[in-house]
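The values are calculated or read from the model by the stated rules, or taken from the named source; none is laboratory data. Not measured: the values here are computed from a predicted model. Neighbour counts run over all protein chains shown; Cβ positions are idealised from the backbone, glycine included. Just so you know, the surface numbers come from the protein's heavy atoms only, side chains and all, with ligands and any DNA or RNA stripped out. Shrake-Rupley method; radii C 1.70, N 1.55, O 1.52, S 1.80 Å.
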Amino acid sequence: MDISLESAKEKVMATEQEILGLLPQEKVLSRFAHDTSPLMPCSGEQRKWTGDAEAEVAPGVDRDVFLDEVLESMSAKDGWTVDDGKTAGGKRRIDLLHSDGTHLLVSFRESPETLRVSGYSACFDFPEYEYGEEY
């Protein structure tokens with residue numbers, strides 16, 4: 001696969017927004033997504049882009065029903081493997097892994113109640129990377 005920084009970043013951000021879009025929009029109080037970040041190393045001169053998106057939600061969102069919907073939606077998409085797991089703190093988390101290496105984690109946080117989608121892209125060649133630069 002020939003993956004560029006731009007296509008890798010776009011896939012992560014688009015999938016994050018797709019997942020946030022599954023929320024009942026009347027329950028979304030605010031949304032935020034990082035559109036730049038430093039790159040993480042893969043192997044050699046390859047890198048991956050990291051990002052996250054969040055939506056603060058009003059009380060009344062049934063977390064389990066929502067996470068079930070994410071499971072169902074992403075399981076139906078070609079290339080995605082979906083795992084229904086737990087965070088280190090024992091809260092439910094959906095782990096999404098694409099066959100190209102794109103990896104996203106979907107979970108809720110408290111105070112304020114927030115849906116968080118974070119992850120990183122597939123690896124791509126990027127020999128010109130300078131540590132600390134954001135893309």
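The phi-based Karplus calculation (6.51 cos²θ - 1.76 cosθ + 1.60; θ = phi - 60°) puts the 3J(HN,Hα) values of the range 97-112 at 10, 8, 4, 7, x, 4, 9, 10, 10, 10, 7, 9, 10, 9, 6, x Hz, whole numbers, x for Gly and Pro. Scalar couplings 3J(HN,Hα) for the range 125-131, obtained by applying the Karplus form with A = 6.51, B = -1.76, C = 1.60 to θ = phi - 60°, are 6, 7, x, 7, 5, 10, 3 Hz; x denotes Gly and Pro. With respect to the chain, whose longest principal axis is taken over its alpha-carbon atoms, helix 5-20 is tilted by about 0°.
Compute the angle between helix 63-75 and the longest alpha-carbon principal axis of the chain, please, reported from 0 to 90 degrees and rounded to the nearest 10. Result, in degrees: 40.
What is the Cα centroid distance between the range 2-34 and the range 51-128, reported in whole angstrom? A separation of 10 Å, based on Cα centres. Nonpolar atom fraction for the range 1-86, defined as the carbon and sulfur part of the 1.4 Å probe accessible area, stands at 50 percent. Electrostatic bookkeeping for W80 treats Lys and Arg as +1 and Asp and Glu as -1; over the other residues with beta carbon under 11 Å from its beta carbon, the sum is -3. Dividing the convex hull volume of the alpha-carbon atoms in the chain by its residue count gives 115 Å³ per residue. Projecting the Cα atoms of L67, A33, G79 onto the charge dipole of the range 24-106, computed from C-beta unit charges around the Cα centre, puts A33 farthest toward the positive end.
Taking every protein chain into account, the accessible area of the chain amounts to 55 square angstrom per residue (probe 1.4 Å).
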